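First up is the structure itself, then whatever we jot down about it.
The values are calculated or read from the model by the stated rules, or taken from the named source; none is laboratory data. If you're wondering where the values come from, they're calculated on a predicted model, not measured in any experiment. A quick note on method: Cβ atoms are made from the backbone with ideal geometry, for glycine too, and the neighbour counts reach across all protein chains shown.
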């Protein structure tokens, strides 16, 4: 069976069998959202003591899987993207499920200075003192998209964010044609709750007054799309694609960076409380 054909129930059944196998006794199962997460976390968790697995169905299914299996096997944890949970300041109390420090794992990577610099060193001629400026500029470009997605979640607007935005970016003014982007999103959305752009912009202004952390607001996938567009247009790196960028990030990110995160501290505390070892050090 191809990976893309495996359903949530297929994987749950497989895990149910696996946790009962004698070879799994004492091992910690780490449940993740996507294949890219698996590629990253497998090198961070203790290879001999942990089994790192992806469950189809995104964050909701990560939570459901962990809650379903805990009564049978207690040494199981889930890691999911925080999305807007930290911004919304809602208590998060799913047993054995942990959130990324920022909006998603990609934003945790972006926030790592040395990692971001390594990307720019590889794909541009920019000097190190320019790197943080470029990162901040890219974040400011996608910031309006972050606000729109946050508003969509808070008010359940039913917006469709599939339409791309690369052609709406300007790296001369470091901006996005946001009116056009809203129109594009509304045009692809089926029965959105609000269709008046003026109302949407007014509501976004209210959210801006909350001065949210931009690493909680912005989506990592949006950031990498903007970064890719910037590199390709400004530095003639036509062979660079999103997978090259994502793969490069995963390769550079290591235990030293990870150990500075709250996610590491929280999962390590869980492991200590449960008398198991999930990290090499």
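Values computed for the structure shown
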item	result
Residue ID - nearest to residue 196 (Cα to Cα), chosen from residues in region 152-168 that are more than 18 Å from the chain's Cα centre (by Cα) and assigned to a helix (DSSP H, G or I)	155
Of the criteria (1) closer than 21 Å to residue 220 by Cβ; (2) surrounded by 18 or more Cβ atoms within 10 Å (Cβ to Cβ); (3) touching a helix residue (DSSP H, G or I) at 6+ places or on another chain (Cβ under 9 Å), which one residue 76 fails	(1)
Test: residue 126 is outside any helix (DSSP H, G or I) and outside the structural domain of residue 18 (by TED's automatic domain parsing)	yes
Qualifying residue in region 35-47 (condition: in a helix (DSSP H, G or I), farther than 26 Å from residue 260 by Cα, under 20 Å from the mean Cα position of the chain (by Cα) and in contact (Cβ under 8 Å) with a residue 24 or more places away in the chain)	no
Cβ-Cβ under 7 Å pairs, at least 6 apart or on other chains, region 123-141 side under 24 Å from residue 178 (Cα atoms), far side outside any helix (DSSP H, G or I) and modelled with pLDDT under 95	134/126
Residue within region 13-27 that is within 15 Å of residue 278 (Cβ to Cβ), in contact with a helix residue (DSSP H, G or I) (Cβ under 7 Å, 6 or more places away or on another chain) and not assigned by TED's automatic domain parsing to the domain that holds residue 156 present	yes
Scan of region 60-91 for residues that are more than 30 Å from residue 25 (Cβ to Cβ), assigned to a loop (DSSP other than H, G, I, E, B) and free of Cβ contacts under 8 Å to residues at least 60 places away in the same chain, ordered by number	81, 89, 90, 91
In region 252-278, the residues that are farther than 17 Å from residue 94 by Cβ and in a helix (DSSP H, G or I)	252, 255, 256, 257, 258, 264, 265, 268, 271, 272
Residue 193 vs. criteria part of a loop (DSSP other than H, G, I, E, B) and either within 18 Å of the chain's Cα centre (by Cα) or surrounded by fewer than 16 Cβ atoms within 10 Å (Cβ to Cβ) (or both)	yes
